[in-house]
1. Could the peptides 80-87, 67-74, 113-120, 100-107 be put in order, highest first, of the mean number of other beta-carbon atoms found within 10 Å of their residues?
2. Please work out whether segment 27-127 counts as rounded, prolate or oblate from its C-alpha gyration tensor, where a ≥ b ≥ c are the square roots of the eigenvalues and a/c under 1.5 means rounded, while otherwise a/b larger than b/c means prolate and anything else oblate?
């Protein structure tokens, strides 16, 4: 749920019918495509990886488990992060906005951003 000062609203990703259809994979290709991307990025144990717009954390958890990377999942939805935390306490889950990542420059070796840039108003700001 996205909480505002005046009301609570459900995003598409929190609608029961959407979740029934998609499960925890909110993008095309699922984890097989994530694995392909991780291999192209040459992920190896010990690398610091940011999963930007991590949602309920399936990518961040998968990368930590399968590739041994130190993973941080960042999302602006406290509801998504609560679900991610409940499913995997071995990943660091951070509430924040992609436009203002709460880490210093060059903190991460890799930034994963699956199907997320299409959901932000100003992707160029996020990429900077």
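1. Working: 80-87: 17.5, 67-74: 22.4, 113-120: 15.9, 100-107: 10.2.
The most tightly packed comes first, giving 67-74, 80-87, 113-120, 100-107.
2. Working: a/c = 1.29, a/b = 1.18, b/c = 1.10.
The shape class here is rounded.
Here, each number is a calculation from the coordinates, and none is a lab measurement. Remember, predicted model here, so these are calculated numbers, not experimental data. We place every Cβ from the backbone using ideal geometry, glycine too, and count neighbours over all the protein chains shown.
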